[in-house]
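Working notes, structure below.
What follows is calculated from the coordinates using simple rules that are stated; it is not laboratory data. Since this is a predicted model, take the numbers as computed values, not measurements. For neighbour counting, all protein chains shown are included, and Cβ atoms are generated from backbone atoms with ideal geometry for every residue, glycine included.
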Amino acid sequence: MLNRYSQTPEACNRQIRKQLEQLKEPEFQQFTAKLLPGVEPILGVRLPLLRRLAKQLAKEDWQSYLRHARDDSYEEIMLQGMVLGYAKGDLQEKKEYLEGFIPKIDNWSVCDSACATIKLAQSQPEEMWEFLQQYLGSPGEFEIRFALVQLLDYYVKEAYLARTLEAVQQVKQEAYYVNMAQAWLISICYREFPKETLPVLQENSFNDFTHNKAIQKITESLKVSKEEKERVRRLKR
C-alpha cells in the first residue's frame, strides 16, 4: 500500500499524477480519445490499472483524498468515482463526496464506470433511490445519466420495476447521452420483464430517437427470444 498518510494533499496529488504518467500508453490514449471526442486531457491509462490504484487509495484516508483530489485529467476524475465505490462506508458517510463528484462527470465512460463501482444501492436500495431523485430531475446531461445507469444497474428487479419504469418516462431531457441511457434502461427492463415493460413500448412519450433506440437494443439482445423481437419491431416509429 502506498504511504500517503503523512503527505500534504498537494504532495499526494503529485504522487498520484506521477503514477498515472508512468502507467499511460500513447496508443491507448489515442484509442480512448476516439471513443470520447471532446474529452481532454486523456492520459491513456487502462481501466484495470486505474481500478488497482483506486483500491489502494480507498484503503487509505479516502475522505481527505476526495476533498483535495485534482480534476486535471479524465483519469483523475475517473479515480474519484472508483474510490467512492471501493471505500468502506454507507451512503450517509459518502453522500457529501458523491454530491461533489457527480457534477464533475462529463462523459459516458466516467459515468458508467463509476456506476458499476458505486454499489450502495445493493445494501441501501431505498436510501439510494431517494438520493438519486435529485439527479433524475437535474438539467445536467451526465447527472441524469448517472441516475439512469444506477437504475439499470441496480433497480431492474421486481420490487422496483414499476417505479423504475415510471422514473425513466418522467425524464424529458433531449440530450444524447440521456436518451441513450433511457433506451438502454428500457431494453434491460424488457429483457428481464417483457410482459410488464411491453405497455411502455406500446405507449410512451419518449422522442422517436429514444423509442427506436430502445427497440434496437432489445432486438440486438441475445437474451430476448425471436418471437419477442418480432413483436417489438412492429412498434418502431
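Counting other Cβ atoms within 10 Å of each Cβ, which trypsin sites (Lys or Arg not before Pro) in the range 24-130 have at most 15 and sit in a DSSP loop? Please list the in-between numbers first.
Values: sites: Lys24, Lys34, Arg46, Arg51, Arg52, Lys55, Lys59, Arg67, Arg70, Lys88, Lys94, Lys95, Lys104, Lys119; in loops: Lys24, Arg46, Lys59, Arg70, Lys88, Lys119.
Passing sites in the range 24-130 are Arg46, Lys59, Lys88, Lys119.
Mind pulling up the Rg/Rh value for the range 115-188? Radius of gyration and Kirkwood radius, both on Cα. Kindly include the intermediate steps, with their values, before the conclusion.
Values: Rg = 11.1 Å, Rh = 12.0 Å.
Rounded to two decimals, Rg/Rh equals 0.92.
Given 10 °C and 1.306 mPa s, how large is the Stokes-Einstein diffusion coefficient of the range 120-237 in µm²/s, with Rh as the Kirkwood radius over Cα pairs?
Details: Rh = 14.2 Å.
Answer from the Stokes-Einstein relation: 112 µm²/s.
Which FRET efficiency value, to the nearest 0.05, do you get for Glu25 and Ser221 by plugging their Cβ-Cβ distance into 1/(1 + (r/R0)^6) with R0 = 30 Å?
Efficiency, rounded to the nearest 0.05: 0.35.
With N set to the residue count of the range 19-135, report its C-alpha Rg divided by 2.2 N^0.38 Å to two decimal places.
Details: Rg = 14.2 Å, N = 117, 2.2 N^0.38 = 13.4 Å.
Dividing the Cα radius of gyration by 2.2 N^0.38 Å gives 1.06.
Let me check I've understood the local charge: for Pro41, count other residues with C-beta under 13 angstrom from its C-beta, Lys and Arg +1, Asp and Glu -1. What total comes out? Let's see the in-between values first.
Details: positive: Arg17, Lys24, Arg70; negative: Glu21, Glu40, Asp71, Asp72, Glu75, Glu76, Asp106.
For residues surrounding Pro41, the net value is -4.
Given R₀ = 25 Å, FRET efficiency for Asp90-Gln134 by Cβ-Cβ distance, to 0.05?
On the way: r = 18 Å, r/R0 = 0.73.
With a Förster radius of 25 Å, E is 0.85.
Pick out, from Ile215, Leu120, Ser138, the residue whose Cα sits farthest towards the positive end of the charge dipole of the chain, with +1 on the Cβ of Lys and Arg and -1 on the Cβ of Asp and Glu.
Result: Ile215.
Just how far, in whole angstrom, is the range 115-162 from the range 47-69 if you go by their alpha carbon centroids?
23
Most fluctuating residue of Val224, Val168, Val178 in a GNM of the chain with Cα springs under 10 Å: which is it?
Val224
So how tilted is helix 125-136 from the main axis of the chain? Cα-based, degrees 0 to 90, rounded to 10.
Roughly 90 degrees, rounded to the nearest 10.
Give me the Kirkwood hydrodynamic radius of the chain in Å, from all C-alpha pairs, to one decimal place? Display every interim value, and only then the final one.
Values: mean 1/r = 0.0525 Å⁻¹.
Computed over Cα pairs of the chain, the Kirkwood hydrodynamic radius comes out at 19.0 Å.
Please determine, in degrees from 0 to 90 and to the nearest 10, the orientation of helix 141-154 with respect to the longest principal axis defined by the Cα atoms of the chain, where the helix direction is its Cα long axis.
In the chain, helix 141-154 runs at an angle near 70 degrees to the longest axis.
First select every other residue whose beta carbon is under 14 angstrom from the beta carbon of Leu120; then total the charges, Lys and Arg +1, Asp and Glu -1. All intermediate terms of the calculation are to be shown ahead of the outcome.
On the way: positive: Lys88, Lys94, Lys95, Lys119; negative: Asp90, Glu93, Glu96, Glu99, Glu126, Glu127, Glu130, Asp153.
Around Leu120, the surrounding residues sum to -4.
A 26 angstrom limit on the alpha carbon distance is what I want to check against. Which of Lys34/Lys59; Lys119/Lys195; Lys18/Lys55; Lys95/Lys157; Lys24/Lys59; Lys104/Lys229 exceed it? Don't skip to the end; give the middle numbers.
Numbers: Lys34/Lys59 33 Å; Lys119/Lys195 28 Å; Lys18/Lys55 17 Å; Lys95/Lys157 24 Å; Lys24/Lys59 23 Å; Lys104/Lys229 38 Å.
Pairs exceeding the cut-off: Lys34/Lys59; Lys119/Lys195; Lys104/Lys229.
Report the net charge of residues surrounding Glu227, where surrounding means a beta-carbon distance below 12 angstrom and charges are Lys +1, Arg +1, Asp -1, Glu -1. Numbers along the way, then the final one.
Working: positive: Lys226, Lys229, Arg231, Arg233, Arg234; negative: Glu228, Glu230.
Net charge in that neighbourhood comes out at +3.
Using only helices, what value at 222 nm comes out for the chain when you add -39,500 (n - 2.57) per DSSP H run of length 4 or more and divide by the total residues, to the nearest 500 deg cm²/dmol? Numbers along the way, then the final one.
On the way: 15 runs with 165 residues, N = 237.
It lands at -21000 deg cm²/dmol.
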